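Undergrad: One structure, pasted below without further comment.
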Amino acid sequence: MLKKTLAVLVAAFIAGSLYSQEITFTISGSKAPLAKIFRYHGSKMEKVDSLLINNFKYTFKPDSTITAGEYLFTLPGKRDIQFLYTGTSFTVQAKDSTFGASISFGNSKENEVFHAFLNQKEQYDAKKDELEKLARKSSKRGKQQQAYLAELNKVKEEYTTKCLDLAKNNLGLLASTIIKATVGPVPPPALTMDELIKWRQEHFFDNVDLSDPRLEFTEVSGKLIWNYLELFFNTTLDKESQEAVFKDALNNLFGRSDIAENLVLFWANDLFNTFGETDYDGLTTYLWDSFIQSHCSQNDEQTTTPADIEKIKATAVGQKAFDFTITTADGDKITLSQSKAKYTLVLFWASWCPHCIHELPLIKNIYDHFSSKGFGIIGISVDYDKPEYEKFLKDYKVDWPNTLAAQSWQNDICKRYNVTGTPKMVLVDQNLTIISKPTTPEQLEAKLKELLGK
């Protein structure tokens, strides 16, 4: 009985020790009754607590749900304090009258280093913006512009050196991980543009401590994955070739032995949600099959179901497209399988869709160029207003067959093609095999050049 009692007391002591930290914000002169605490989770901000004022003090008491990471203390009037929490207590002081300039930390090397970096970054960003504006205003390729650009490179080198030295002198800190992830590696001099892109693709994560799981709950983590993939984006590729390039890049990253498992899952979810909204179906199913499906219970925000994924796979490249017949505004009946074109684009659009308004004229230019080579389009509008639909066709001189979908989104054709947004493009051949699912007019054009020649 005594042993059991002692065990309970020890467990209670350990639990109390783990969650007895306090972070006290003393804001002299503050009259705001309430402060809020947010946690960075990549590009998202998650509210974790509200703090009541008590004699100019706001006390934050992290519990077991509060992970190590980057946080934001905020008061009304955009008075914010970024801070790092890594499991220890510390204090923060500031004056309400001179808020930003008066911030100081007590008993927190993490935040002293972090704010030294933030100050360096603020100074660099201001100088960078100033020099870039001056360079834009000066004559192109003139001596003055070259001087501004040279000064900009010098300022960047100085900033990078100072930041990396700060990180090197404070190894093991979360602040150091954030600094290195933000600044990135320094490329060798005298590279051509193509060589520089290739170097950045191969060395992008050289300075990033991917083994540090705390990186997930920082602001920079959300930027890293997209900045990395941006290096592999190529406007000359068709959709499926672009997806293959992205997959290779992600396999190289996620297959590393030094990357924390939570980072893989966090980035995979972030990519999955965005690619799912932009019809990158190949990447969406790859991320689901490889990473998401087996961890669904760990992702409370995941609204996609296995049934949704099956719908995507049913309309993937290589599958048979659903055959249909439409009635055009002129009363003509058009059946997809009877199209005389070698390749037919099934195009879902709407007159109220901003992307459609921008892209349909570009698609028309592509149609005008390739229609004589065996390219056709069947348009299906999900407009609610017939007069607006007809006005759009007239104003933009759309001369391929179009129909206004009955019941709009609930139309059987829209369901069969898994249409969840516009514009949506599905390119099929004469056997109704889905050949490509472009997201942009550029990707459509690239595919047609491959299939029909320039």
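The values are calculated or read from the model by the stated rules, or taken from the named source; none is laboratory data. Quick caveat, the model's predicted, so the values are computed rather than measured. Neighbour counts are summed over all protein chains in view; Cβ atoms, including those assigned to glycine, are modelled from backbone coordinates with ideal geometry.
Undergrad: So, residue 211, is that one among the hydroxyl-bearing types (Ser, Thr, Tyr), farther than 18 Å from residue 40 by Cβ and either under 18 Å from the mean Cα position of the chain (by Cα) or outside any helix (DSSP H, G or I) (or both) or not?
TA: Values: among the hydroxyl-bearing types (Ser, Thr, Tyr): yes; farther than 18 Å from residue 40 by Cβ: yes; either under 18 Å from the mean Cα position of the chain (by Cα) or outside any helix (DSSP H, G or I) (or both): yes.
Answer is yes for this residue.
Undergrad: Taking the stretch 393-419 on its own, how many of its residues are in contact with a helix residue (DSSP H, G or I) (Cβ under 8 Å, 6 or more places away or on another chain) and either assigned to a helix (DSSP H, G or I) or surrounded by 14 or more Cβ atoms within 10 Å (Cβ to Cβ) (or both)?
TA: The number of residues fulfilling the criteria is 10.
Undergrad: Exactly one condition in (1) surrounded by fewer than 16 Cβ atoms within 10 Å (Cβ to Cβ); (2) free of Cβ contacts under 8 Å to residues at least 12 places away in the same chain; (3) of a type in the set (Asp, Glu) is not met by residue 112; state its number.
TA: Answer for residue 112: the failing condition is (1).
Undergrad: Can you report the number of residues in the stretch 393-411 which are polar (S, T, N, Q) and either within 19 Å of residue 375 (Cα to Cα) or touching a residue at least 24 places away in the same chain (Cβ under 8 Å) (or both)? Before you say what the answer is, go through the steps one by one.
TA: If we filter the stretch 393-411 for residues that are polar (S, T, N, Q), which is where we start, we get 402-403, 407-408, 410-411.
Next cut, either within 19 Å of residue 375 (Cα to Cα) or touching a residue at least 24 places away in the same chain (Cβ under 8 Å) (or both) only: 402-403, 408, 411.
Count: 4.
Undergrad: Give the residues of the stretch 233-260 that are under 15 Å from residue 439 (Cβ atoms) and either at pLDDT below 95 or not aliphatic (A, V, I, L, M) (or both), sorted by residue number. Let's see the steps before the verdict.
TA: Here is the first cut: in the stretch 233-260, the ones under 15 Å from residue 439 (Cβ atoms) are 233-246.
Scanning the stretch 233-260 gives 233, 234, 235, 236, 238, 239, 240, 241, 242, 243, 246.
Undergrad: To continue, here is another question. Output yes when any residue across the stretch 112-121 is among the acidic types (Asp, Glu) and at pLDDT below 95, and no when none is.
TA: First pass over the stretch 112-121, keeping only residues among the acidic types (Asp, Glu): 112.
Imposing the further condition that a residue be at pLDDT below 95 reduces the set to none.
Among the residues of the stretch 112-121, not one is among the acidic types (Asp, Glu) and at pLDDT below 95, which makes the answer no.
Undergrad: Shifting gears a bit: Go through the stretch 173-205 and give me each residue that's part of a loop (DSSP other than H, G, I, E, B) and surrounded by 12 or more Cβ atoms within 10 Å (Cβ to Cβ). Talk me through it step by step, then tell me what you get.
TA: Within the stretch 173-205, the first condition is being part of a loop (DSSP other than H, G, I, E, B), and the residues that meet it are 173, 184-192, 204-205.
Within the stretch 173-205, 173, 184, 185, 186, 187, 191, 204, 205 qualify.
Undergrad: Consider the stretch 248-265. How many of its residues are out of contact with any Asp or Glu (no Cβ under 9 Å at 6 or more places or on another chain), over 15 Å from residue 228 (Cβ atoms) and of a type in the set (S, T, N, Q)?
TA: Going through the stretch 248-265 one residue at a time, the tally reaches 1.
Undergrad: Now a separate question. From the list 154, 168, 133, which one is basic (Lys, Arg) and under 26 Å from residue 71 (Cα atoms)?
TA: On the way: 154 fails: under 26 Å from residue 71 (Cα atoms); 133 fails: under 26 Å from residue 71 (Cα atoms).
Unique residue meeting the criteria: 168.
Undergrad: Select the strands (runs of 3 or more DSSP E) contained entirely in the stretch 1-71, then report the ones holding at least 3 residues which are modelled with pLDDT of 90 or more, within 28 Å of the chain's Cα centre (by Cα) and surrounded by 11 or more Cβ atoms within 10 Å (Cβ to Cβ). Steps first, answer last, please.
TA: On the way: elements: 23-28, 34-41, 44-52, 57-60.
Correct list: 34-41, 44-52.
Undergrad: Here's something else I'd like to know. Give the residue that is surrounded by the most Cβ atoms within 10 Å (Cβ to Cβ), with candidates limited to residues of the stretch 206-223 that are under 20 Å from residue 250 (Cα atoms) and hydroxyl-bearing (Ser, Thr, Tyr). Lay out the reasoning, then the answer.
TA: The initial filter retains those residues of the stretch 206-223 that are under 20 Å from residue 250 (Cα atoms), namely 206-213, 215-216, 220-223.
Pick out the ones that are also hydroxyl-bearing (Ser, Thr, Tyr) and you get 211, 221.
Values: 211: 13, 221: 25.
The residue in question is 221.
Undergrad: Can you find, within the stretch 363-391, the residue that is nearest to residue 450 (Cα to Cα) among those that are out of contact with any strand residue (DSSP E or B) (no Cβ under 8 Å at 6 or more places or on another chain) and aromatic (Phe, Trp, Tyr)?
TA: It comes out as 370.
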